[in-house]
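Visitor: Pasting a structure below so you can have a look.
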Amino acid sequence: MHKRVHALDVPWAQHLEGSYVPRDRLRHVDPSGSPYPYLDNGASELEWDNHCNKAVVRWSLRERGIRLAGPDPKSLVAQVSRAELRSEVPFTA
């Protein structure tokens, strides 16, 4: 499917990006950082990557996600704590 979409003669077809996260693993931050199938911008094939399996991605989806169809992101992703966000971002004073 991704190869067919990538081959379409439309400007956005080569610029899709996203991860396939199982619904039961989307709700909470995964401290193990498991990789998920991921389509990188410009790619036509999935690869395994954990860069979307982060607290900041869940926070962005929950708090700033734009629903095109389906349920509200807040019903799918639990609130992400400041401590979870801080654990991923090194802070130096």
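Visitor: So, R58, is that one closer than 24 Å to P90 by Cα and either at pLDDT 95 or above or aliphatic (A, V, I, L, M) (or both) or not?
Guide: In short, no.
Visitor: Run down W48, W12 and say which single residue is modelled with pLDDT of 95 or more and out of contact with any Asp or Glu (no Cβ under 6 Å at 6 or more places or on another chain).
Guide: So the residue among W48, W12 that is modelled with pLDDT of 95 or more and out of contact with any Asp or Glu (no Cβ under 6 Å at 6 or more places or on another chain) is W48.
Visitor: What's the total number of residues in region 13-39 that are of a type in the set (D, E) and exposed (fewer than 15 other Cβ atoms within 10 Å of the Cβ)?
Guide: Qualifying residue count for the region: 2.
Visitor: Just to be sure before I move on: is V10 surrounded by 14 or more Cβ atoms within 10 Å (Cβ to Cβ) and of a type in the set (V, I, T) in the structure I sent?
Guide: When the stated conditions are applied, V10 does not pass them.
Visitor: When the residues of region 63-78 are filtered to those that are in contact with a Lys or Arg (Cβ under 7 Å, 6 or more places away or on another chain) and in a loop (DSSP other than H, G, I, E, B), which remaining residue is surrounded by the fewest Cβ atoms within 10 Å (Cβ to Cβ)?
Guide: A78
Visitor: Take region 19-37 and flag every residue that is more than 20 Å from E88 (Cα to Cα) and modelled with pLDDT under 95.
Guide: Y20, P22, R23, D24
The values are calculated or read from the model by the stated rules, or taken from the named source; none is laboratory data. A quick note: this is a predicted structure, and the numbers were derived from the prediction, not measured. Methodologically, a virtual Cβ is constructed for each residue, glycine included, from the backbone with ideal geometry; neighbour enumeration extends over all protein chains shown.
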